[in-house]
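Notes follow the structure.
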Amino acid sequence: MNEIKIIEVLPDEIPALAELAQEIWRQHFPPIIGAEMVEYMLEKFQSETAIRQQITEQGVHYYFIKYDGQAAGYMAIRPEPDSLFLSKIYLRKAFRGKKLSRAAIDFLVAFCRKRRLGKIWLTVNRFNLEPIAAYEKMGFRKDRTQCVDVGRGFFMDDYVMVKDIPLLPSV
């Protein structure tokens, strides 16, 4: 079947989203940032409380990425006046390599065109090599590096990557 759906997370689905985040982060990130930072980041940014606050106070929208009805991953976006910030896009290990990130980016390009937003930008850990390569394949470019203090002695050492969205003429 291989059906891909991108569905906005409803308030009563936030606990399932937080659980999915824990699974994905604990699978993928310990070799890159260490288990201690993973646990800190999950509590600070991906707990039920943090997700609820992002949605209600910061204008963030979360989406499940579903593959044949299963929660394969998720993403979070925040529209800005002229651009779209792709805050998070994460896939469960078993679902990587199935073109889900491509489908998500296509969804976001359509989102941007509909709202006349000229670019998508994101941050990605500089040592997270596979996603960086995937983003470049999908038309993102490295714009700059940044190092952000996230508290408790932890820093996010990231590339800021940008994908320009050619806007279609208004009809």
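What to note about this one:
- Of all DSSP beta bridges in the chain, antiparallel share, percent nearest 5: 90 percent
- Residue with peak Gaussian network fluctuation, the chain [Cα springs, cutoff 10 Å], from Leu129, Leu117, Leu20: Leu129
- Efficiency of FRET from Cβ geometry, Asp82 and Glu13, R₀ 30 Å, rounded to 0.05: 0.50
- Packing here is the average count of other Cβ atoms within 10 Å per residue, and on that basis the peptides 26-37, 94-105, highest first, run 94-105, 26-37.
- Candidate aspartates and glutamates - alpha carbon under 13 Å from Lys142, same-chain residues fewer than 8 apart omitted: Asp158, Asp164
- Anisotropy class of region 1-58 from Cα gyration tensor, a/c 1.5 cut: oblate
- Put the Cα centre of region 102-140 next to the Cα centre of region 55-93 and the gap is 12 Å.
- Based on Cα contacts under 8 Å between residues 6+ apart, the chain shows a relative contact order of 18 percent.
- Mean Cβ count within 10 Å, highest first, over the residues of peptides 153-159, 2-8, 46-52: 46-52, 153-159, 2-8
- In nm, spacing of pseudo-spin labels at Cys147 and Gln22 (7 Å Cα→C-beta vector): 3.3 nm
- Residue exposure sequence - Trp25, Trp121 - by fewest surrounding Cβ within 10 Å: Trp121, Trp25
- About the Cα centre, charge dipole magnitude for the chain (Lys/Arg +1, Asp/Glu -1 at Cβ), debye: 720 debye
- Label positions at Arg96 and Lys114, each projected 7 Å from the Cα along the C-beta direction, are separated by 3.0 nm.
- Near Ser87, the amide H atoms lying under 5 Å from its own belong to Ala76, Ile77, Arg78; only residues 5 or more places off or on other chains count, and H is placed 1.01 Å from N.
- Distances between every pair of Cα atoms in the chain, grouped in 5 Å steps from 0 to the bin holding the largest one, split as 1, 8, 17, 21, 23, 18, 9, 3, 1, 0, 0 percent.
Values quoted throughout were computed directly from the atomic coordinates according to the rules given, and no laboratory measurement underlies them. Because the structure is predicted, anything quoted here is derived from the model rather than measured. Here Cβ is always computed from backbone atoms with ideal geometry, including for glycine, and neighbour counts include all displayed protein chains.
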